[in-house]
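To start, the structure under review is shown below, and the notes come after it.
Just so it is clear, none of the values below were taken in a lab; they were calculated from the coordinates. These numbers were taken from a predicted model, which means no experiment stands behind them. So basically every Cβ, Gly included, is an ideal-geometry build from the backbone, and we count neighbours across all protein chains shown.
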Amino acid sequence: MDDVIDLIATGGSPNDISDKMKEILYAKAAERIDIARPYIANAMFGQEFEYPEVQDEYENEVVDEYETDTEEESE
């Protein structure tokens with residue numbers, strides 16, 4: 001992610017910035033697919049398993065903020 005910020009800060013071309021962002025997103029997607037692949041394979045052949053808990057680094061911040069706003073509005 002720092003590479004994208006550096007490209008933006010140094011005035012990189014929009015194409016370079018877009019390509020770098022796509023590269024990062026594809027890498028994250030591939031990582032998640034690699035994590036899920038054995039669990040899906042086991043499910044296809046009828047074996048039971050438990051999913052490991054995966055925690056996104058930003059997930060809690062958004063959920064906590066949303067829950068706080070929703071609770072205040074409902075009162």
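Laid out as a table, the results:
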read-out	value
The stretch 32-48: number of residues that are loosely packed, with under 10 Cβ neighbours inside 10 Å and of a type in the set (D, E, K, R)	2
Matching residues in the stretch 6-31 - criterion: being surrounded by 11 or more Cβ atoms within 10 Å (Cβ to Cβ) and either among the hydroxyl-bearing types (Ser, Thr, Tyr) or without any contact (Cβ under 8 Å) to a residue 12 or more places away in the chain (or both)	Asp6, Ile8, Gly12, Asp16, Ser18, Asp19, Glu23
